[in-house]
1. Among Tyr88, Tyr93, which is touching a residue at least 60 places away in the same chain (Cβ under 8 Å), over 22 Å from Pro27 (Cβ atoms), surrounded by 14 or more Cβ atoms within 10 Å (Cβ to Cβ) and not acidic (Asp, Glu)?
2. In the stretch 12-33, how many are in a strand (DSSP E or B) and over 8 Å from the mean Cα position of the chain (by Cα)?
3. Answer yes or no as to whether Ala53 is buried (at least 19 other Cβ atoms within 10 Å of the Cβ) and either at pLDDT below 95 or among the basic types (Lys, Arg) (or both).
4. Assess whether Asp73 counts as being closer than 19 Å to Arg142 by Cβ, among the acidic types (Asp, Glu), free of Cβ contacts under 8 Å to residues at least 60 places away in the same chain and in contact with a Lys or Arg (Cβ under 9 Å, 6 or more places away or on another chain).
5. Within the stretch 35-42, is there a residue that is part of a loop (DSSP other than H, G, I, E, B), within 30 Å of Ser115 (Cα to Cα) and touching a residue at least 40 places away in the same chain (Cβ under 8 Å)?
6. Does the stretch 12-26 contain at least one residue that is in contact (Cβ under 8 Å) with a residue 60 or more places away in the chain, in contact with a strand residue (DSSP E or B) (Cβ under 9 Å, 6 or more places away or on another chain), within 24 Å of Ser136 (Cβ to Cβ) and exposed (fewer than 14 other Cβ atoms within 10 Å of the Cβ)?
7. For residues that are basic (Lys, Arg) and surrounded by 13 or more Cβ atoms within 10 Å (Cβ to Cβ), tally how many sit in the stretch 61-85.
Amino acid sequence: MKVTIKDVRLAFPDLFEARAFKGSGDPKFGASFLFAKDHPAVKEIENAIEKVAKEKWKDKAATILKGLRTKNDTCLHDGDTKPEIDGYEGNFYISARSSVRPTVVDRDRTRLEKSDGRPYGGCYVNAIIDIWAMDSSDFGKRVCASLMGVQFVRDGEAFAGGTAASPDEFEELEDEESLV
């Protein structure tokens, strides 16, 4: 079920190059999205989780979802379980991945590339995700989110490691010949 979450904070973006995630096999594109516990997206995501669970597991959906939530096997997570990660505490987060590169656009819907420097971890974005229920022999039952697209909305304080060094921070070196 496709859901658009608006004005959420971006974390751990792998939007332009796929990377291998622990336990996921092939490299994937992905990101996490942080938002306050009273953000309008919470209700929309919860409704989508309920709907895909009912479609997948019919009359057993409520019981299965209760177990999945106990094991933290849905795509919506409580950031209080990760207080060591900048920005997570006091928020909810949703992690979404995809084997297909997501659409990444600016406020005016022009495509963005990695060299544009945005979006970056800590900025605010709109995201389109696809929430779906899984029941496989490899991974068991879960409710997952696939990443479809991200739109840069506004700047935010970059998370740790979010900026590059300035050329002025380096010493000017002498010619190589004079060092011999």
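The values are calculated or read from the model by the stated rules, or taken from the named source; none is laboratory data. Source: prediction; values computed, not measured. Heads up, the Cβs are rebuilt from the backbone with ideal geometry, glycines too, and the neighbour counts pull from every protein chain shown.
1. Tyr88
2. 8
3. Taking the combined requirement at face value, the residue does not satisfy it.
4. No: the conditions fail for Asp73.
5. No, there is no match, as no residue in the stretch 35-42 is part of a loop (DSSP other than H, G, I, E, B), within 30 Å of Ser115 (Cα to Cα) and touching a residue at least 40 places away in the same chain (Cβ under 8 Å).
6. Looking through the stretch 12-26, at least one residue is in contact (Cβ under 8 Å) with a residue 60 or more places away in the chain, in contact with a strand residue (DSSP E or B) (Cβ under 9 Å, 6 or more places away or on another chain), within 24 Å of Ser136 (Cβ to Cβ) and exposed (fewer than 14 other Cβ atoms within 10 Å of the Cβ).
7. Counting residues in the stretch 61-85 that are basic (Lys, Arg) and surrounded by 13 or more Cβ atoms within 10 Å (Cβ to Cβ) gives 2.
Yes/no per residue for (1) touching a residue at least 24 places away in the same chain (Cβ under 8 Å); (2) under 20 Å from Phe35 (Cβ atoms):
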{"site": "Asp59", "(1), (2)": "no, no"}
{"site": "Val104", "(1), (2)": "yes, yes"}
{"site": "Leu112", "(1), (2)": "yes, no"}
{"site": "Ile129", "(1), (2)": "yes, yes"}
{"site": "Phe139", "(1), (2)": "no, no"}
{"site": "Arg142", "(1), (2)": "yes, no"}
{"site": "Ser146", "(1), (2)": "yes, yes"}
